[in-house]
Amino acid sequence: MGSTIKVLDALPITTAHGAPVTGLSNIDGYDETPYTWDAQTKLPLNPNGLDTEGLVRTRSGEFWLVAEYSPSLLRISARGKVLARYVPAGLQLTGTAYPVIASLPAILTNRKINRGFEGIALAPDGRTLYLPVQSLLLVPDKVEGVAVLGPRTVAVAVANANGLGLGTFGQLIDSGVESRILLLHLNRPLS
């Protein structure tokens, strides 16, 4: 085995008009504040920015990506163009250079800052996506700490890869020994 990695190809993620997307945060007070490399100077927000955390490729060559901002599910063409960005219902993400569809369950807006979707998996059927949230949702309240007493919810969104349906399953984590599974939404249309 070798000790090097060889990059065979690179595919930039671009807007509908071909401009590269950035990694800058989108919404002031909702996403992390962006700074320069030395954490001294604030950078401007960018509605097209993505903090991607995982990707899968479909049989057709398209990609599905997840991002921590919002959190978001993105459908990307085989050439890297953002075809659609799915965000939680009620979230106002304006000024993007690609379509934004606010159709994910609204409860996902209760994620901690910079703790949105952390990965993505495509089921063997080639049609079902699983999108785990990185950490506990701030439900039933907006407590900022991780070590809290009382129940908290962890969410996994489930989407149909052809854009026809979405469900979200949450696991309510109790402060005691037991936890129970809570079905939050099922078969909610993505568009």
(message) Check which residues have an amide H placed less than 5 Å from T22's amide H, if you skip close sequence neighbours.
(response) G49, L50
(request) With a point put 7 Å past each Cα toward its Cβ, work out how far E32 is from E62 in nm, to one decimal. (result) 2.9 nm
(request) Calculate the tail of P(r) for segment 1-101: the fraction of all Cα-Cα distances greater than 20 Å, expressed in %. (result) 42 percent
(request) Show the residues, 5+ positions off or on another chain, whose built amide H is closer than 5 Å to the amide H of S103. (result) V87, A89
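No value in this document is a laboratory result; all are computed from the given coordinates. Bear in mind the structure is a predicted one, so any value in this text is a computation, not a measurement. We place every Cβ from the backbone using ideal geometry, glycine too, and count neighbours over all the protein chains shown.
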